[in-house]
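Working notes for the structure below.
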Amino acid sequence: MIRQKAFESTGRMLKGGLHCHTTLSDGSGTPEEVIKVHADNDFDFLALTDHRLYNRKNYAPETDVLIIPGMEFDASFDTDIGFRCFHTVCLGPDDDTNGFNHGERFASGVVKDQFDFQKYLDWMHSKNNITFYCHPQWSSTPARYFDKLRGQFGMEVWNTGCATECDMDYNAPYWDEMLGMGHKIWGIATDDGHRMYQHCKGWVMVHAEKNVKSILRSLSEGSFYSSCGPIIKDFYVDQGVAYIDTEPCKKVLFHSDRHPNRKISAKDGELLTHAELDLKNNYNYIRASVVDEQGNRAWTNPIFLH
C-alpha cells in the first residue's frame, strides 16, 4: 500500500493560507484585519506575503493564528515572444536560521528568461527559505516557460484572486504537464487575497504540529492537500487500485499521465464519499480532485508510483 503522505497518520490537520496581501503592499486590508479575518475563518496559520517585503511579525497576537515568515518576489521580461513574469512566494523559519529580517524590502528582479530567474530562487533558498511558483496562467507562463526552474517545492493550482478577477488559475492548469515531465511538485491552493472579499477562499490542509518548523517540513514533503471547501479524508493505492475517501461530494476525478481524466459522479439525488480507480496501465503518478455540490474543489497531492 502507498498512502499519500498527508494521510499517513491520523489526527487533526492544520488549515493555512500561504499567499495574501495587506496595505503594506497592494492589499486593501491592514495586516491586523487580514489576520483577524483568517482567525474568524478557522485558519491555524497564515503567511503575509506582501510584494518584496519580508514579514516575520504577528500583527494580531491576540488571535491564535500562527504567522509563517515570508514574502512574494517577482521578476519580468518583455521580448519578441511577449511579456512574461515570474512570481514566487518564499516561506522561512521563525528563528535565526532565516536569512531574511523582518521589514526588508527589495526591488523587482530583472530577467530575460526562466534560467535568469533561477538566480533569485537560489538567493531565496540560500536564506533558508522554501519557494513555490505562483499563478502561471495570469503570469503568461505555460509550463515550458518555468519547467526548468530548480528547487521549488510546489506550484499554485488554484488562485482565488486570479480565478475570480481574470478567470485564470483554477483547477490546476499546467500541473499535470509538469508532473508528466517527471517533476515531483506539489499542488497549492491560495487566495492571493488583495481585496478583503478574496481572502479565505483557497487554503492548504497540512498534517503537522502547530509550529513553523513542522509546517515548513510538511509542506516540503507534500504532507498536505489543497481545498476551496471539500474535505478529503484519505487517498492511497493498494494492489493496483487507487482509493479516495471524502466528505460527501458530487464527483471525483482521477488524473494521471497514462490516461485521460476519469470522472466518477454521484447518481441523481445522491452524494459520494468514496471512489476508486483500477490502475491498469503503467502509471507514473496518480492524483485526485473532488467537487462538492456548490462546485468548490479540493486536490490531493500525487502518489508517485515509479
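The values are calculated or read from the model by the stated rules, or taken from the named source; none is laboratory data. Predicted model, so just to flag it, every value in this text is computed and none were measured. Cβ atoms come from the backbone with ideal geometry, glycine included; neighbour counts cover every protein chain shown.
Which of the numbered conditions does Gln152 fail, given that it passes all the others? Conditions: (1) buried (at least 20 other Cβ atoms within 10 Å of the Cβ); (2) outside any loop (DSSP other than H, G, I, E, B); (3) touching a Phe, Trp or Tyr at 6+ places or on another chain (Cβ under 7 Å).
Gln152 satisfies every listed condition except (2).
Considering only region 267-306, how many residues are farther than 18 Å from Gly229 by Cα and assigned to a loop (DSSP other than H, G, I, E, B)?
13
Give the residues of region 83-122 that are closer than 20 Å to Gln137 by Cβ and among the charged types (D, E, K, R), sorted by residue number.
Selection gives Arg84, Asp113.
Anything in region 6-24 that is within 15 Å of Tyr59 (Cα to Cα) and without any contact (Cβ under 8 Å) to a residue 60 or more places away in the chain? List them, or say none. Spell out how you get there, then give the answer.
As a first pass, look at region 6-24 and keep what is within 15 Å of Tyr59 (Cα to Cα): 20-24.
Thr22, Thr23, Leu24, listed by residue number.
Could you identify the single residue in Glu209, Glu247 that is at pLDDT 95 or above, out of contact with any strand residue (DSSP E or B) (no Cβ under 6 Å at 6 or more places or on another chain) and either crowded, with 22+ Cβ neighbours inside 10 Å or assigned to a loop (DSSP other than H, G, I, E, B) (or both)?
Glu209
Would you check which residues across region 130-149 are under 17 Å from Asp50 (Cβ atoms), without any contact (Cβ under 8 Å) to a residue 60 or more places away in the chain and assigned to a loop (DSSP other than H, G, I, E, B) and list them?
Listed by number, the list holds a single entry, His135.
Can you give me the number of residues within region 231-244 that are in contact with a strand residue (DSSP E or B) (Cβ under 6 Å, 6 or more places away or on another chain) and farther than 17 Å from Arg12 by Cβ?
7
Please specify each residue of region 86-105 satisfying the condition of being under 18 Å from Leu53 (Cβ atoms) and either surrounded by fewer than 16 Cβ atoms within 10 Å (Cβ to Cβ) or modelled with pLDDT under 95 (or both).
Passing the criteria: Asn101, His102, Gly103, Glu104, Arg105.
Out of (1) more than 25 Å from Ser126 (Cα to Cα); (2) in contact with a strand residue (DSSP E or B) (Cβ under 7 Å, 6 or more places away or on another chain); (3) not in a helix (DSSP H, G or I), the odd one out for Asp176 is which?
Every condition holds for Asp176 apart from (3).
Give the residue, chosen from Met1, Met13, Met71, that is closer than 13 Å to Asp192 by Cα and of a type outside the set (Val, Ile, Thr).
None of the others qualify; the one that does is Met71.
Across region 52-65, which residue is surrounded by the fewest Cβ atoms within 10 Å (Cβ to Cβ) among those that are farther than 25 Å from Leu121 by Cα and among the hydrophobic types (A, V, I, L, M, F, W, C)?
Taking region 52-65 as the starting set, the residues that turn out to be farther than 25 Å from Leu121 by Cα are 58-65.
Keeping just the survivors that are among the hydrophobic types (A, V, I, L, M, F, W, C) gives 60, 65.
Working: Ala60: 20, Val65: 22.
Per the stated criteria, the residue is Ala60.
Confirm whether Ser140 is surrounded by fewer than 22 Cβ atoms within 10 Å (Cβ to Cβ), of a type in the set (Ser, Thr, Tyr) and modelled with pLDDT of 95 or more.
When the stated conditions are applied, Ser140 does not pass them.
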